[in-house]
Amino acid sequence: MLFGGRYPRAASIWIGSILVPIEVCVFLMSPKDYFYVGSLPGTEVFALLLAAFVFTIPVGAIFGYLFGALTAGAFCLVDWYEKKQLTQRLS
């Protein structure tokens, strides 16, 4: 859907670099998890969330690329299997 489907790798990198930092910040703000920043003073919370957001962007880009490649590989395997089944039925 991003870039009109012309650049799937770039779309995976963008999605990963956007979603992973947001997920990390949500995890840090969740009171039910092990690390809850709500008990820290306001400036420390802001600094911690900003650092988490900035430093996880490259990690998110890497994971986005890897998961995009794994997903594409799964679709390639399914397509290969369907084509193999179709050729066996026709012969």
If a residue must be surrounded by fewer than 12 Cβ atoms within 10 Å (Cβ to Cβ) and among the small types (Gly, Ala, Ser), how many such residues does segment 66-91 contain?
3
I'm checking my understanding of the structure. Among residues of segment 19-53 that are in contact with a Gly (Cβ under 7 Å, 6 or more places away or on another chain) and at pLDDT 80 or above, which one is farthest from Leu2 (Cα to Cα)?
Pro21
Set Phe63, Phe3: member being surrounded by 15 or more Cβ atoms within 10 Å (Cβ to Cβ) and either of a type in the set (Phe, Trp, Tyr) or modelled with pLDDT of 90 or more (or both)
Phe63
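The values are calculated or read from the model by the stated rules, or taken from the named source; none is laboratory data. Because the structure is predicted, anything quoted here is derived from the model rather than measured. All Cβ positions, even for glycine, are placed from backbone atoms using ideal geometry, and neighbour counts span all protein chains on display.
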